[in-house]
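Heads up: the structure comes next, in structure tokens.
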Amino acid sequence: MSDAVSGDGSGEITRLREQIMQTRTQLGATVEELASRADVRARVRETAEEAKTRVRQSAQEAVRSPVPWLVLIAAAGAVAAFVVLKRRSR
């Protein structure tokens, strides 16, 4: 440390202060990340919200898409045809 103070030394001191600030910033980010990982309740809520969003989006896409409706109509037609054929065979 005597080398840092010898001569002018202000450049070295400034560099050390910048390193200290950078280290503090990194440490703060690490602590925040660890705290968020430790908050299980918040993580469960976040996961549940993401799942709700995915389900809503899927439901909206299914309603907009004609394929599920066509499958439903085809299934209803198949059931109706089965019932009609069953009654005729009696």
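Read the figures in this text as sums done on the coordinates, not as results from a lab. Quick caveat, the model's predicted, so the values are computed rather than measured. Quick reminder, even Gly has a Cβ in these numbers, built from the backbone with ideal geometry, and neighbours come from all protein chains shown.
Its residue count N sets the reference 2.2 N^0.38 Å, and the alpha-carbon radius of gyration of the range 2-64 equals 2.28 times that reference.
Ignoring solvent entirely, what values of log10 I(q)/I(0) come out of the Debye formula for the range 47-90 at 0.27, 0.32, 0.33, 0.34 Å⁻¹ when each Cα is a single scatterer? Results for the range 47-90 at q = 0.27, 0.32, 0.33, 0.34 Å⁻¹ read -0.86, -0.97, -0.99, -1.01.
Were the residues from residue 88 through residue 39 laid out at 0.36 nm apart, the gain over their Cα-Cα distance would be 11.1 nm. If only the Cβ of Lys and Arg carry +1 and only the Cβ of Asp and Glu carry -1, the dipole of the range 2-64 around its Cα centre is close to 620 debye.
Farthest toward the positive end of the dipole of the chain, out of 84, 27, 55, is the Cα of 84, where the dipole comes from beta carbon charges about the Cα centre. One decimal place: the segment residue 64-residue 26 gains 9.0 nm when fully extended, by the rule 0.36 nm per residue minus the C-alpha distance.
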